[in-house]
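Asker: Once you've had a glance at the structure underneath, I'll fire off some questions.
The values are calculated or read from the model by the stated rules, or taken from the named source; none is laboratory data. Worth saying up front: this structure is predicted, and the values here are computed from it rather than measured. Neighbour counts are summed over all protein chains in view; Cβ atoms, including those assigned to glycine, are modelled from backbone coordinates with ideal geometry. Protein only, heavy atoms only, side chains kept; ligands, DNA and RNA dropped before computing areas. Shrake-Rupley method; radii C 1.70, N 1.55, O 1.52, S 1.80 Å.
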Amino acid sequence: MVAVGDGPQRVVAPAGPGNRAQPPDGVLDKGKSRRNPRHSVPLHEVQQLLGGGTARLGDPVAQRHWGGVRPRPGHVTVLGRLAQALHCSEYPGSYGGDWSPSCRALYQTKYGAPMPTDHTTLTVQGVSYPLSTSRNVLQLMSDVTEAYFAELVAAIAAATSGSGRLHFPGGTLPSAAPDAAAALVSAYVVPAPDNSGRLYESTALLRTGGCDVAKSEFVSGTRVAKCPALHAPLPCYAQGGVVQFPPDVLSSFGWAMMRDGANGRPPHIWIPLSLASNATSNQSICTTVAVRGYGGIANPDHAESNIPDRALFEPTYQLSASLDQLPADLAVASHTAVLFSESSRDALMRGPLANGTFDVSDAWTSLLLPTVGAWEALLRAGVAAGICNDGQILAPDGGVSILVQRWPVLLAPTSGLTSAVESGLTAYRNAGGVLIRVPNTGWVTERGPAEASVIAAVNASAPGLGPIQATHPGDGVVHAVLQTSAADPNTRVVFVLNDFTTCAPVRGSAAPPTAPPIDGISLDLAAPAGRKLVRATDLMTGVELEIEPLPQPVGGRDWRVLVGTLRQQAVVVATFDI
């Protein structure tokens with residue numbers, strides 16, 4: 001799936017009394033700037049509908065910060081006259097705290113004490129905000145943000161009544177799109193492993209219901225917290241100095257976290273081609289294939305002054321048309337998962353600091369280093385990997401046996417987890433899952449030995465490394481993402497990706513040099529029962545690849561595809577038959 005243009009360009013509301021002469025955005029969006037909000041309907045009409053003030057969706061404390069009025073669930077049916085989608089941009093966007101009577105009552109109920117009022121002042125882009133010095137107040141703001149988005153999504157789901165169209169008292173909003181009604185949450189600084197030192201749990205924003213879409217940016221995963229004392233490269237730790245994970249490791253971690261945690265549609269990844277001064281069609285293809293390979297919706301953006309930009313996007317359209325010829329129900333199939341516990345991470349964060357964020361040093365040292373390190377180990381081993389989050393280990397959909405079926409092997413840190421998460425891990429193990437604990441040492445300097453020990457433990461388990469492994473003689477990361485189809489089990493698709501962050505647009509300039517080619521890549525695949533591999537083709541080039549049976553199957557993998565040299569990406573379509 002490819003959507004060209006950021007949210008407001010993609011969803012068009014029909015002409016009518018709610019639109020008049022406004023641009024056909026069809027999205028109510030508080031925008032990316034607090035001082036210059038975008039809107040796609042006459043502002044005075046929104047003010048009238050919502051009771052006055054400026055309508056900026058997505059901020060639970062808008063009344064205090066902006067003088068605006070946040071929409072209540074009952075307003076969603078009225079908003080149905082104006083738009084087919086709600087874009088809650090850069091969530092959560094609140095600073096500091098809200099001392100309104102309702103928040104004071106929520107605090108009293110949750111903590112059994114009056115809400116502290118001590119605060120400092122934080123100035124962001126020339127606007128000053130009161131910043132609470134209480135961790136509990138900031139935690140309450142995170143909880144309110146998550147609850148508010150869940151509230152909006154539930155209201156939208158009720159308004160659509162299962163028809164994919166928003167309803168309002170005067171009738172049904174006409175729509176050519178069968179699923180036009182949607183809530184698009186653009187999560188701020190997500191999907192960085194440490195949320196840049198913010199308390200909220202981004203995975204909680206992904207499991208709010210069946211009609212939501214999580215939106216993030218192509219390189220958001222690399223925006224981890226700065227070291228407050230050293231101003232060093234990212235991230236910093238309390239012990240052992242400074243370590244930097246490769247950008248493609250951090251980005252793929254964030255994409256997989258969003259993909260595996262979403263309850264609704266796949267995550268929507270914004271690719272800011274419009275920011276680069278000389279964006280190329282190769283950049284558009286490279287970034288689009290990477291996002292689609294990881295199971296997301298690719299959104300290569302464009303300069304609004306040049307629509308349509310056929311020279312930039314036509315090759316991407318053509319490639320997407322080819323990808324769309326593959327089975328429609330293709331989905332990423334991961335075998336081994338890494339546990340990513342945001343509740344445990346937040347419990348280890350210290351603060352708040354003067355800027356309202358938290359010191360993440362202890363969280364990295366005890367928890368995030370082995371978590372992201374284990375993810376990097378799986379990538380380097382070329383196996384099918386996923387991310388299991390708090391919601392899945394604490395309350396798995398369909399029960400813990402379904403979780404074990406999805407991920408028969410689970411990697412989790414040896415320390416730093418809350419007692420509730422530890423109980424969830426015990427239930428997982430008791431249901432037959434293979435739980436491998438990852439030590440929190442060995443990740444700061446040379447990570448090779450620690451990564452090798454993780455892969456050795458996975459390989460020695462009964463489930464092993466799973467149905468796919470990409471190998472090559474070098475030591476670079478090759479992303480091998482397996483996608484399977486329930487409707488067509490004889491077709492398997494493997495996206496084989498070199499470092500895709502080198503294709504990422506850079507504000508005001510072209511992308512950096514592309515990643516060096518990786519030679520000698522092979523894919524070992526497990527054939528479905530009673531089948532053999534009859535053909536493997538690289539969809540990117542149309543070249544049929546050499547295949548061979550393995551004389552000694554390893555871990556059920558009994559066929560090899562010789563990919564050869566990988567310059568940027570290959571999409572290997574493997575066909576099995578009797």
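Asker: Which percent of the accessible area of the stretch 434-578 is formed by carbon and sulfur heavy atoms (probe 1.4 angstrom)?
Answerer: Details: 3570 of 6520 Å².
Carbon with sulfur: 55 percent of the solvent-accessible area.
Asker: Quickly rank 294-301, 108-115, 442-449 as a protection proxy: mean count of other C-beta atoms within 10 Å, highest first. Numbers along the way, then the final one.
Answerer: Details: 294-301: 24.6, 108-115: 11.8, 442-449: 15.4.
Order by mean packing, descending: 294-301, 442-449, 108-115.
Asker: What accessible area per residue comes out for the stretch 291-433, rounded to a whole number of Å², with a 1.4 Å probe?
Answerer: Per residue, the stretch 291-433 has 35 Å² of solvent-accessible surface.
Asker: Going by Cα centres, the stretch 540-578 and the stretch 369-412 are how many Å apart?
Answerer: About 25 Å separates the Cα centre of the stretch 540-578 from the one of the stretch 369-412.
Asker: Sticking with this structure for a sec: For the stretch 271-395, with equal point scatterers placed on the C-alpha atoms only and solvent neglected, what are the log10 I(q)/I(0) values from the Debye formula at q = 0.15 1/Å, to two decimals?
Answerer: Taking Cα atoms of the stretch 271-395 as identical point scatterers yields -0.93.
Asker: Can you tell me the length gained on complete extension of the stretch Glu544 to Ser453, counting 0.36 nm per residue apart and subtracting the Cα distance? If you can, show how the numbers build up before the last one.
Answerer: Details: separation 91, 0.36 × 91 = 32.76 nm, distance 3.60 nm.
Difference between extended and current length: 29.2 nm.
Asker: Order the peptides 313-324, 389-400 from the highest to the lowest mean number of other Cβ atoms within 10 Å of their residues. Walk me through the intermediate numbers first.
Answerer: Details: 313-324: 16.1, 389-400: 17.7.
For the peptides 313-324, 389-400, the packing ranking is 389-400, 313-324.
Asker: Rank-order 370-379, 535-544, 478-487 by packing density, defined as the average count of other C-beta atoms within 10 Å over each peptide's residues, highest first. Mind showing how you got there, number by number?
Answerer: Numbers: 370-379: 26.1, 535-544: 14.9, 478-487: 19.7.
By packing density, highest mean first, the sequence is 370-379, 478-487, 535-544.
Asker: For Ala321 and Thr109, compute 0.36 nm times the residue count separating them, minus their Cα-Cα distance, and round to one decimal in nm. Let's see the in-between values first.
Answerer: Working: separation 212, 0.36 × 212 = 76.32 nm, distance 5.38 nm.
So the chain would gain 70.9 nm between Ala321 and Thr109.
Asker: Another question about this same structure. Which part of the stretch 467-497 falls in the paramagnetic zone of Val534, meaning amide N under 14 Å from the point 7 Å along Cα-to-beta-carbon?
Answerer: 489-492
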